[in-house]
Every structure is written in structure tokens, then in C-alpha cells.
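Data block below; observations after.
The values are calculated or read from the model by the stated rules, or taken from the named source; none is laboratory data. Note that this is a predicted model, so its numbers are computed, not measured. Note: ideal-geometry Cβ built from the backbone for every residue, glycine included; neighbour counts use all protein chains shown.
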Amino acid sequence: MDRVRSIVVFTMLLAAMPAVAVTPVLRYTTYLLVDTTAGPASLTMQSRSYGTVHGDFTYGDQPSYRVIGADGRQIEDVDGQLAGEMDVAVPASAGDFGLVEVRPGANYALAESDRPYGIVATEHAPMNCVGGFERLYFFVPRGHTGGSVYLHAFSVGEAGRVVVHDPDGNVAVEVEDDFNEPAAVSFTVPEGMDGRTWSLGLLKPEREDWDVDDCALWLSPSLSGLLFTNPDWAERLSAPFATSWTPVLDFEGDSPVQTIQWSQKVADGQPQPTWDVAVSGENPHSGAQSLRVEMDLPENVARQELKLFTVPLPIEKVEKVCLWLYGDGSGRKLMLRVRDSSLEHHYYAAGTIDWVGWGELVGDFTHPSDIAGGDENKRIDGPTVSVVLQIGHAAGQPVHSVYYVDDLGVSP
Ligand SMILES: [Ca+2]
Ligand SMILES: [Ca+2]
Ligand SMILES: [Ca+2]
């Protein structure tokens with residue numbers, strides 16, 4: 001067969017193949033979740049020496065693999081061989097799935113599996129990959145109005161172009177950045193696109209002095225934290241980790257904010273902080289409206305906090321609260337609070353506003369920062385609860401800020 005014909009045949013074969021993506025190159029530590037519901041699984045781990053790619057330098061790190069059961073129990077530690085290939089067995093006794101901790105150190109590793117598997121990509125266990133990837137799939141649980149993928153490529157010039165595709169293959173968002181600090185790439189989930197499989201690529205940047213090399217990548221905690229090379233695996237393997245969201249507030253009607261307070265009383269006659277909080281059509285995350293929150297503080301205020309209480313919302317039980325906030329990178333501290341029907345207050349420290357534009361905030365009330373007052377049963381009890389958003393202020397932060405809040409949901 002001449003070369004041109006063989007290329008044509010090869011292209012036809014590619015077109016006929018299912019949409020299975022090429023497995024990414026892994027580095028440092030990354031976890032794989034392997035399906036063992038149909039019996040034991042075998043992973044083929046291929047080790048690649050850094051030196052074969054970058055001839056000028058080599059690392060002596062030997063690869064190793066740890067097999068972990070679904071209940072977290074350690075099953076086996078396997079020593080690999082640098083630049084060699086070996087099979088790692090995940091026994092059926094692992095449970096419904098097994099985890100394999102892949103540790104190539106500063107060298108590289110590639111995995112193949114005879115069973116469906118996913119790559120773990122959470123904040124605490126990110127996927128550490130090299131050279132990007134064309135396409136990996138992930139499941140967007142039911143009730144989602146948006147999601148985020150976080151990237152961190154700490155070396156200057158090692159960057160990436162992230163492209164998120166909706167279930168129909170259309171580009172939902174595309175961002176090129178150096179990602180020297182961890183940053184979120186957020187996308188909205190239009191109606192009917194939740195409960196479906198999306199995908200993303202991490203591609204070579206268009207900017208010529210940038211390349212895609214080392215990058216840590218993880219999904220926001222509202223998603224299930226797994227990436228797949230095969231779209232057919234995404235929904236089933238994500239199911240145990242997928243949080244279903246119930247949309248509660250879309251800010252399309254009257255303002256659902258009932259009480260607004262500053263935390264620090266300022267003596268009469270002193271310059272007072274002011275707020276202006278109302279639904280607005282200026283900047284919706286979805287629909288036509290969001291909640292506009294304007295804060296004005298006098299100069300030289302050391303500490304203050306604006307607290308927004310919603311009306312009692314008909315919610316029986318809360319594990320997580322998710323909302324979208326249009327941030328200004330001000331570094332203001334955020335606190336999410338749920339006040340249950342007995343006036344028991346559950347607090348979750350939700351980090352700082354370190355992003356500009358729409359960003360996702362998830363409060364995990366199964367791990368609260370504090371609980372106080374009420375019936376003291378440490379449980380969020382309905383039939384109604386109020387959600388409270390607390391926006392802090394510290395010395396040096398802007399005296400004037402405008403935020404937007406939209407799409408508040410709860411789980412389960
Ligand atoms: Ca970088
Ligand atoms: Ca809205
Ligand atoms: Ca309670």
C-alpha cells in the first residue's frame with residue numbers, strides 16, 4: 001500500500017472508531033478509579049523516563065503503584081521498573097471499584113485498563129499530567145447550572161488552552177492562560193444539558209512562547225471529580241460521587257433576601273458603611289437576572305462583614321450549598337451559613353474572592369467550620385432553612401465593591 005492510501009485507510013479507521021480519547025501522560029501522583037463490579041481488573045502501566053523526552057536530564061525515580069480498596073484499605077504496594085511495562089492487578093475484593101495510586105515521581109506513566117476506569121481529578125487529589133490531552137470526558141450531574149475546571153501550571157511559559165465541550169460537542173468555553181496560580185475555568189450548563197456527559201481538552205496554547213507541559217487539573221467539588229478516556233464510562237462510574245443539585249434560587253423574581261446586616265456596629269456620628277442589594281438585569285449568570293450586591297465602606301475600616309439572609313426556603317435537608325458569585329479578586333473572606341428551622345447555625349468557611357468574573361462557591365455542610373445555637377442536634381433540620389452569605393472586609397481591601405450572585409442550589 002502506498003503512503004497516501006495508507007493514510008486514507010488510517011483516517012477512515014479513526015473515523016469509524018468510537019470516541020475514545022488517548023490516555024494522558026501522568027506525573028508525580030495521580031489516582032485511577034477502576035471498575036471491579038464485573039470482576040478483577042488489570043491495569044497495564046507503562047513507565048517512561050523523563051530523560052527519553054528531555055535528553056539533557058534524567059531522574060532516577062522508580063515508579064510505584066499502590067492498590068487501594070473502595071473502603072480505603074491498602075491492598076498491595078507494587079514496585080515498578082523505570083522505562084518498563086507491568087501489569088497491576090486490582091482484585092474483585094477491592095469492592096465496587098479499586099483505586100490505584102500511580103507514582104512515577106518526576107518520570108512519566110501511562111495507564112491502560114481492561115475494565116472501565118476514570119482518572120481522579122479533585123482539589124485534594126488532582127490529575128497531574130504532562131503535555132495536555134485532546135479530550136477527556138466527565139459527567140455533569142442533574143440540577144447543575146454550571147461547573148468549573150481548575151488548572152495549575154506553576155512554571156512560567158508552561159501554559160495551556162482549555163476547551164470545554166457540551167454534550168453535543170459544541171464549545172462551551174475556551175480559555176488560554178499561563179495558569180501560574182491555580183485558576184478556575186467556569187462554564188454554564190444550559191437547561192437540558194445537565195445529567196449528561198461533557199468533555200474537555202487541554203491543548204497547546206496559540207501564543208508562541210507558551211507550551212503545554214506540566215499541569216495539575218481538577219474539577220470543582222460540585223462535579224464528581226472523575227475524568228474518562230471513554231464517554232460511555234462517565235455516567236455509571238461517576239454515579240457514586242455525583243452530587244445531584246436542586247435549584248433553589250435563580251433571582252428571576254423579587255429579591256429573596258430578607259435581612260441585611262453589617263457585623264460591626266459603628267457609633268452614631270461616625271462614617272457608616274452602606275449597602276445596596278437588589279435583583280438586577282445587569283449581569284445574570286443564567287436567565288435574565290441575578291442579585292446585585294454593592295458595598296461601600298469608609299476609609300480605614302479594619303474589619304467589617306456584610307451578611308445577607310435569604311427568606312426561609314422550603315428545604316428539608318442540606319448537605320451542600322452551591323452558588324455562583326461574580327468576583328473582583330479582592331481577597332475578601334466568604335462565609336456560607338445555613339440557619340435551620342430551630343435557629344441552629346451551620347457555618348462553612350468558603351475561602352476568599354480570589355477570582356474575577358463568575359466563580360462557583362460550594363459549601364460542604366457535612367464538614368462545617370462551626371455549628372452554634374438552636375436545637376444543638378448538629379443537623380440541618382427543615383422544613384425551612386435560610387441561607388446566609390457573609391462577605392468580609394479587612395484593611396487594605398477595596399472600599400467599594402459590586403458583586404453578583406446567582407443560581408443557588410442545594411444537595412441532596
Ligand atoms: Ca505556567
Ligand atoms: Ca438568574
Ligand atoms: Ca438542627
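Would you be able to say whether some residue in segment 274-290 is within 16 Å of ligand 3 (Cβ to nearest atom) and not small (G, A, S)? So far as segment 274-290 goes, no, none of its residues is within 16 Å of ligand 3 (Cβ to nearest atom) and not small (G, A, S).
Filtering segment 121-172 to residues that are in a loop (DSSP other than H, G, I, E, B), buried (at least 23 other Cβ atoms within 10 Å of the Cβ) and within 16 Å of ligand 1 (Cβ to nearest atom) leaves P126, A153, A159.
Tell me, yes or no, whether segment 176-183 has at least one residue that is on the phi > 0 side of the Ramachandran plot and either within 16 Å of ligand 2 (Cβ to nearest atom) or in a strand (DSSP E or B) (or both).
First pass over segment 176-183, keeping only residues on the phi > 0 side of the Ramachandran plot: 179.
Next, only the ones that are either within 16 Å of ligand 2 (Cβ to nearest atom) or in a strand (DSSP E or B) (or both) stay: none.
Checked against the condition, which is being on the phi > 0 side of the Ramachandran plot and either within 16 Å of ligand 2 (Cβ to nearest atom) or in a strand (DSSP E or B) (or both), segment 176-183 yields no hits at all.
Regarding segment 321-333, can at least one residue be identified that is away from ligand 2 (no atom under 16 Å from the Cβ), aromatic (F, W, Y) and either within 16 Å of G363 (Cβ to Cβ) or crowded, with 16+ Cβ neighbours inside 10 Å (or both)?
Applying the first criterion (away from ligand 2 (no atom under 16 Å from the Cβ)) to segment 321-333 yields 321, 327-333.
From what is left, the residues that are aromatic (F, W, Y) are none.
Among the residues of segment 321-333, not one is away from ligand 2 (no atom under 16 Å from the Cβ), aromatic (F, W, Y) and either within 16 Å of G363 (Cβ to Cβ) or crowded, with 16+ Cβ neighbours inside 10 Å (or both), which makes the answer no.
May I ask you to verify whether L291 is in a strand (DSSP E or B) and modelled with pLDDT of 95 or more? The answer is yes for L291.
Just one of the listed residues (E316, E305) is touching a residue at least 24 places away in the same chain (Cβ under 8 Å), of a type in the set (D, E, K, R), in the same structural domain as E344 (by TED's automatic domain parsing) and within 16 Å of ligand 3 (Cβ to nearest atom), and it is E316.
To keep it simple, each residue is scored yes or no on (1) of a type in the set (D, E, K, R); (2) within 22 Å of W218 (Cα to Cα).
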residue: P63; (1), (2): no, no
residue: A70; (1), (2): no, yes
residue: G80; (1), (2): no, no
residue: A83; (1), (2): no, no
residue: F97; (1), (2): no, yes
residue: E112; (1), (2): yes, yes
residue: A121; (1), (2): no, yes
residue: V130; (1), (2): no, yes
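Scanning segment 178-217 for residues that are among the charged types (D, E, K, R) and either under 25 Å from P284 (Cβ atoms) or within 16 Å of ligand 3 (Cβ to nearest atom) (or both) turns up E191, D194, R196. For segment 77-120, the set of residues classified as crowded, with 18+ Cβ neighbours inside 10 Å, assigned to a loop (DSSP other than H, G, I, E, B) and hydrophobic (A, V, I, L, M, F, W, C) consists of L82 only.
Is it fair to say I371 is of a type in the set (V, I, T), surrounded by 21 or more Cβ atoms within 10 Å (Cβ to Cβ) and in contact with a strand residue (DSSP E or B) (Cβ under 7 Å, 6 or more places away or on another chain)? Don't jump to the end; show me each part of the working.
Details: of a type in the set (V, I, T): yes; surrounded by 21 or more Cβ atoms within 10 Å (Cβ to Cβ): no; in contact with a strand residue (DSSP E or B) (Cβ under 7 Å, 6 or more places away or on another chain): yes.
For I371, the condition - of a type in the set (V, I, T), surrounded by 21 or more Cβ atoms within 10 Å (Cβ to Cβ) and in contact with a strand residue (DSSP E or B) (Cβ under 7 Å, 6 or more places away or on another chain) - is not met.
In segment 29-61, how many residues are farther than 30 Å from D96 by Cβ, touching a residue at least 24 places away in the same chain (Cβ under 8 Å) and among the acidic types (D, E)? Residues in segment 29-61 being farther than 30 Å from D96 by Cβ, touching a residue at least 24 places away in the same chain (Cβ under 8 Å) and among the acidic types (D, E): 1 in total.
As a summary of the residue check, I260 satisfies the conditions (1) within 16 Å of ligand 2 (Cβ to nearest atom); (2) in contact (Cβ under 8 Å) with a residue 40 or more places away in the chain except for the one numbered (1).
Considering only residues that are assigned to a strand (DSSP E or B) and within 16 Å of ligand 2 (Cβ to nearest atom), which ones fall in segment 188-220?
Here is the first cut: in segment 188-220, the residues assigned to a strand (DSSP E or B) are 188, 196-203, 211, 214-219.
Across segment 188-220, the qualifying residue is only T188.
Within segment 123-170, being more than 16 Å from ligand 2 (Cβ to nearest atom), under 18 Å from the mean Cα position of the chain (by Cα) and small (G, A, S) holds for A125, G132, G147, S148, A153, G160. Considering (1) over 26 Å from the mean Cα position of the chain (by Cα); (2) assigned to a strand (DSSP E or B), the lone condition that G327 does not fulfil carries the number (1). Among the residues making up segment 367-396, those that are more than 16 Å from ligand 3 (Cβ to nearest atom), more than 27 Å from the chain's Cα centre (by Cα) and touching a residue at least 24 places away in the same chain (Cβ under 8 Å) are A394, A395. Criterion applied to L336, L343 was being in a loop (DSSP other than H, G, I, E, B), out of contact with any Leu (no Cβ under 6 Å at 6 or more places or on another chain) and not assigned by TED's automatic domain parsing to the domain that holds P141, and the one residue passing it is L343.
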